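Student: Let me begin by handing over the structure; questions about it come next.
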């Protein structure tokens, strides 16, 4: 089966660091995406990990461990505008590479 | 470079009617995927098109269909609308079947 788990909600303080975890069990794997979605808007691409390890992009970093079926998104120096839903998505393997399977999303609230 | 565009942005229909939604991918992108987003189910994959061919289809009834044109623009159609079809319909485009997917703003469909 296909299963992607993320915490439902998280709260953090402005200026702090927060880590959003994602675990997955899928029948195929060809990479993992992280998207940010503000209320009422479309998801915005943040990162794409195919190989194990850490990918850093400014204040955002994403980590992948394929053997553990685990990823996390790290947000540093949190800003109020980071309050949003963060979606983890796994890409299917050969023949299903255009199909992304999404977790339910983690709603992050950043407080002053 | 212009992003993914979707028309219309909002739509209100009554049960039993049909609807057609349109998606224009980023220039040069040849793969288009469609997703349905609802509060209860999250983001769910509908179908994927590449070079005018449907490569994948999600677990939706046959009332949901789509197509892609030679210029990579895509349309999806929902016939015999049901109340449960009320959702945000998102399309995402990528260069190829392995590329990063970028989402359009979505079409908010309300069925009354």
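Student: Enter the per residue convex hull volume of region B:15-112, computed from alpha-carbon coordinates, in Å³ rounded to the nearest integer.
Tutor: Expressed per residue, the convex hull around the Cα atoms of region B:15-112 is 89 Å³.
Student: If you take the square roots of the eigenvalues of the alpha-carbon gyration tensor of region A:37-96 and sort them as a ≥ b ≥ c, do you get rounded (a/c under 1.5), prolate (a/b over b/c) or oblate? Before the final figure, lay out the partial values.
Tutor: Details: a/c = 2.57, a/b = 1.39, b/c = 1.85.
It is oblate, given that a/c is not under 1.5 and a/b is not larger than b/c.
Student: Hey, for a label at residue B:80 modelled as a point 7 Å past Cα toward Cβ, could you say which residues of region B:9-29 have their backbone N under 13 Å away?
Tutor: Only B:16-18 pass the distance filter.
Student: Chain A: Rg/Rh from Cα coordinates, Kirkwood Rh?
Tutor: Across chain A, the Cα-based Rg/Rh ratio is 0.96.
Student: According to a simple spin-label model (label point 7 Å from Cα along Cα-to-Cβ), what is the distance in nm between residue B:112 and residue A:45?
Tutor: The modelled label-to-label distance comes out at 3.8 nm.
Student: Please report, in cubic angstrom per residue, the volume enclosed by the convex hull of the alpha-carbon atoms of the protein assembly as shown.
Tutor: Hull volume over Cα atoms, normalised by residue count, gives 122 Å³.
Student: Divide, for region B:34-83, the radius of gyration over alpha carbons by 2.2 N^0.38 Å, where N is the residue count.
Tutor: This ratio for region B:34-83 stands at 1.19.
Student: Also: What distance in nm separates the simple spin-label points at residue A:38 and residue A:70, each placed 7 Å from Cα in the Cβ direction?
Tutor: Label at residue A:38, label at residue A:70, 3.3 nm between them.
Student: Calculate, for residue B:67 and residue A:111, the FRET efficiency according to 1/(1 + (r/R0)^6) with r their C-beta to C-beta distance and R0 41 Å; round to the nearest 0.05.
Tutor: 0.30
Readers should treat all values here as calculations from the given coordinates under stated rules, not as data from a laboratory. These numbers were taken from a predicted model, which means no experiment stands behind them. Glycine also receives a Cβ, built like all others from the backbone with ideal geometry; neighbour counts cover every protein chain displayed.
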